[in-house]
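Chemist: I have a structure I would like to understand better, so I am pasting it below and will then ask my questions one at a time.
The values are calculated or read from the model by the stated rules, or taken from the named source; none is laboratory data. Here the structure is a predicted model, which is why all the values come from computation and not from measurement. Backbone-built Cβ (ideal geometry, glycine too); neighbour counts: all protein chains shown. When the accessible area is computed, the model is the full protein with side chains, heavy atoms only, and any ligands, DNA or RNA have been set aside. Shrake-Rupley method; radii C 1.70, N 1.55, O 1.52, S 1.80 Å.
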Amino acid sequence: MNFDVVIIGSGIGGLTAGALLARYGKKVAIFESHSIPGGAAHTFTRKGFTFDSGPSFYCGLGNDKPSLNPLKQVLDIVGESLDVVPYDPLGHYHFPEGTFPVYSGLEEYRQNVAKITPEGAKELAAFESKMLDLYDCLKDIPTIVLRSDWQLFLVLATRYFPSLIKSLFQVGMISGSAGDIMDKTVKDKWVRRLIDLECFLLSGLKAKGTVAPEIAFMLGERTRAGVEYPVGGSAAIIDGLINGLKRYGGKLYLNSHVDKIITKSGKATGIKLKKGEIIEASVVISNATLWDTYEHLLSPEDLPSSHRQEQLATPAVKSFMHLHLGIKAEGLENLTGHHVVVHDSNQDITVPGNTCMISIPSVWDKNLAPDGHYVVHAYTLEPYEGWEKNADYENKKKQRSQTLYKALEKVIPDIRQRVVLELIGTPLTHSRFLRRYQGTYGPAIAAGNGLFPSCYTPISGLYRVGDSTLPGIGVPAVAASGILCANTLVSPQQVEKILSLRCYQKQ
Ligand SMILES: Cc1cc2nc3c(=O)[nH]c(=O)nc-3n(C[C@H](O)[C@H](O)[C@H](O)COP(=O)(O)OP(=O)(O)OC[C@H]3O[C@@H](n4cnc5c(N)ncnc54)[C@H](O)[C@@H]3O)c2cc1C
């Protein structure tokens, strides 16, 4: 088999790059290790319950408003759309001091903060105002036009000159952390923890480690576009990208684990599958994490050793404990779908087990669970180290999942009596089913300690996409990484030609 581009992995990074490159006329094939596509965003079914393995918090995917979400921009370009269910409040934060609803509209959000800390609410307004200034300046340059090579400057200077100038004035904030802005605007301890929590939920790091544009986009988009859940769960997004890929002749091969990237004289020439088959291509794109790519898919001699060592030394965010439950829904008619529980105010929010995320997506899409039931996904950070499939494994699994049950009891006090299906996932489960190094959430590259790497590698013809490349972790970010890579592999004129068929001129 011979292709223009082969992609290792069908996470959102690999699928967006693949679908776009197919749209640009390239002969593309994606090879996925698993039987289910989507990576961290795959969906699986057990006994009639449809579970999201990872993300469930989305915004800007519907058709009502022009979207700044890079994922939506790719779906548009490959002719796909999604049915979505909008909802507000977007979630409830449960602190030991009380429960607090989080609304998409900043005014309503702040009013609720003011009930707890009036002074803090004023400071939060100052923080948000700075963030929204940043969002206003960045939002005029649609992600779909971006690329990773020098021609980016041509594109920006010729089509987005006023926005480029506006961005130059904000360059300090763009390269700084959300924590820098928080330090300048917020003293109130409660609000500082709230901001830290929102950053942690997004990047896996607190405000000091999270780049300011990531939070600016989150606040800007949830205010402007609101939040919504795709009907069918994350699978609907993955199916949309696959349909788009196939519409333009791209191929997806499941159960196709890639063993090695083949290189000759410093150039990538294809891949070798575990089954033994060799696939040739002039471009290879890895959607595997940087550790999996550099440690397993390449041999040490393929890379300059200093670059290899430096990349492999990148710190990783921890893995997860997961609880996927099917529960009886009777009497829970007013249940809402997203909750974050912080158990202990005296412990840092990043301590494993202290902050638990809960998603109950069947409150928005009843078809995800059998009649009279809900699907529940609860998860919390958990270190990979210390987990082994030994005699104590099942016992430890039960014990470490208790923090998730305790969190769920804040939302559904009799949760344990309602369970009809229980699946406990550990970091070993996470790394096995997601094929991720130590089951990590992604690289822990703190703001100020360098940028996520671009799609380029030292090997000619080998590129990378996904959450260990720029701009970072999270569904919109990995979709952006797919765009950056795909656009870099074609001329700005080719991008322009496809975009002219859609409406991604300045909004
Ligand atoms: C529990 C959890 C909750 C989350 N919640 C949210 C949320 O609500 N909102 C949000 O925006 N983001 C969320 N995220 C983050 C987001 O899901 C991820 O950042 C994103 O999906 C990662 O996509 P990716 O393309 O980088 O990689 P992945 O999804 O990891 O995809 C990589 C793919 O490559 C495949 N692969 C790896 N090695 C090989 C090989 N050798 N051969 C073949 N295939 C291979 C893997 O099987 C996988 O399918 C969450 C993540 C987790 C884990």
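Chemist: Which aspartates and glutamates does Lys260 reach when only Cα atoms under 16 Å apart count, and residues fewer than 8 places away in its own chain are ignored?
Modeler: Result set, ordered by chain and number: Glu32, Glu277, Glu280, Asp292, Glu295, Glu301, Asp302.
Chemist: Give the residues of segment 101-121 whose amide nitrogen is closer than 13 Å to a point set 7 Å from the Cα of Lys187 in the direction of its Cβ.
Modeler: 119-120
Chemist: Show me the helices of the chain, taken as full DSSP H stretches, that run 15 Å or more along their long axis by Cα and average -0.5 or above in Kyte-Doolittle hydropathy.
Modeler: 12-23, 118-138, 189-203, 212-224, 234-247, 475-488
Chemist: Nothing charged except the Cβ atoms of Lys and Arg (+1) and of Asp and Glu (-1): what's the magnitude of the dipole of segment 347-467 about its Cα centre? Round to the nearest 20 debye.
Modeler: Roughly 140 debye for segment 347-467.
Chemist: Express in nm, to one decimal, how much length is gained between Phe153 and Ser265 on full extension, taking 0.36 nm for each residue of separation and deducting their alpha carbon distance.
Modeler: 37.2 nm
Chemist: Tell me the GluC sites (Glu not before Pro) within segment 336-408 that lie in a loop according to DSSP and have at most 13 other beta-carbon atoms within 10 Å.
Modeler: Here the sparse-neighbourhood loop sites are Glu385, Glu388.
Chemist: Taking the Cα centre of the chain as the origin, how large is its charge dipole in debye, to the nearest 20, when only Lys and Arg (+1) and Asp and Glu (-1) carry charge on their Cβ atoms?
Modeler: With Lys and Arg at +1 and Asp and Glu at -1, about 860 debye.
Chemist: Still on this model: Per residue, what accessible area does segment 232-299 have, given a 1.4 Å probe and all protein chains present, in Å²? It would help to have the intermediate numbers written out before the result.
Modeler: On the way: 2770 Å² over 68 residues.
Counting only protein heavy atoms, the per-residue value for segment 232-299 is 41 Å².
Chemist: Packing-wise, with mean Cβ within 10 Å as the measure, how do 26-33, 327-334, 14-21 rank, highest first?
Modeler: Result, highest mean first: 14-21, 26-33, 327-334.
Chemist: Which of the aspartates and glutamates could be linked to Lys26 by a straight reach, that is with a Cα gap under 12 Å, when you skip same-chain ones fewer than 8 residues away?
Modeler: Cα-Cα hits under 12 Å: Asp4.
Chemist: Could you work out what % of the accessible surface of segment 1-82 is carbon and sulfur, using a 1.4 angstrom probe and leaving DNA, RNA and ligands out of the count? Kindly include the intermediate steps, with their values, before the conclusion.
Modeler: Details: 1150 of 2310 Å².
That share works out to 50 percent.
Chemist: List the pairs from Lys27/Lys497; Lys27/Lys274; Lys47/Lys246; Lys206/Lys396; Lys318/Lys397 whose alpha-carbon separation is above 20 Å, in the order I gave them.
Modeler: Lys27/Lys274; Lys47/Lys246; Lys206/Lys396
Chemist: Another question about this same structure. Leaving out ligands and nucleic acids, and using a 1.4 Å probe, what accessible area per residue does segment 438-507 come to in Å²?
Modeler: Accessible area per residue, segment 438-507: 38 Å².
Chemist: Also, quick follow-up: For a quick check of your reading of the filter: which trypsin sites (Lys or Arg not before Pro) in segment 208-283 sit in a DSSP loop and have no more than 16 other Cβ atoms within 10 Å?
Modeler: Lys274, Lys275
Chemist: Are there GluC sites (Glu not before Pro) in segment 262-297 that DSSP marks as loop and that have at most 10 other Cβ atoms within 10 Å, and which are they?
Modeler: Filter output for segment 262-297: empty list.
Chemist: Give me the 1.4 Å probe accessible area per residue for segment 98-218, excluding ligands and nucleic acids, in Å².
Modeler: Value returned for segment 98-218: 44 Å² of accessible area per residue.
Chemist: Using 0.36 nm per residue of separation minus the Cα-Cα distance, give me the extension gain between Phe169 and Lys328 in nm, one decimal.
Modeler: That pair, Phe169 and Lys328, stretches by 51.8 nm at full extension.
Chemist: Same structure, new question: When the accessible area of segment 188-307 is computed with all protein chains present and a 1.4 Å probe, what percentage of it is carbon and sulfur?
Modeler: C and S fraction of accessible area: 55 percent.
Chemist: Between segment 319-387 and segment 213-252, how many Å separate their Cα centres?
Modeler: Segment 319-387 and segment 213-252 have Cα centres separated by 22 Å.
Chemist: Moving on. When the helices in the chain are scored as -39500 (n - 2.57) per DSSP H run of 4 or longer and the sum is shared across all residues, what 222 nm value do you end up with, to the nearest 500 deg cm²/dmol?
Modeler: -11000 deg cm²/dmol
Chemist: Past 18 Å, Cα to Cα, is the threshold; run Lys122/Lys189; Lys122/Lys187; Lys115/Lys189; Lys328/Lys398; Lys115/Lys208; Lys65/Lys130 against it and keep the listed order. Before the final figure, lay out the partial values.
Modeler: Numbers: Lys122/Lys189 13 Å; Lys122/Lys187 11 Å; Lys115/Lys189 15 Å; Lys328/Lys398 21 Å; Lys115/Lys208 26 Å; Lys65/Lys130 24 Å.
Where the Cα-Cα span goes over 18 Å, the pairs concerned are Lys328/Lys398; Lys115/Lys208; Lys65/Lys130.
Chemist: Relative contact order of segment 87-246, please, whole-number percent, based on alpha carbon pairs below 8 angstrom and at least 6 residues apart. Could the numbers behind the result be given before it?
Modeler: On the way: 159 pairs, mean separation 42.1, N = 160.
Value for segment 87-246: 26 percent.
Chemist: Roughly to the nearest percent, how much of the accessible area of segment 333-448 is carbon and sulfur, given a 1.4 Å probe? Walk me through the intermediate numbers first.
Modeler: On the way: 2440 of 5220 Å².
The computed percentage sits at 47.
Chemist: Whole Å is fine, so just give me how far the alpha carbon centre of segment 455-506 lies from that of segment 150-198.
Modeler: Between the Cα centre of segment 455-506 and that of segment 150-198, the gap is 21 Å.
Chemist: Hey, another quick one. Rolling a 1.4 angstrom probe over the protein chains, ignoring ligands and nucleic acids, what is the accessible area of Cys455 in square angstrom, nearest 10?
Modeler: Answer for Cys455: close to 10 Å² accessible.
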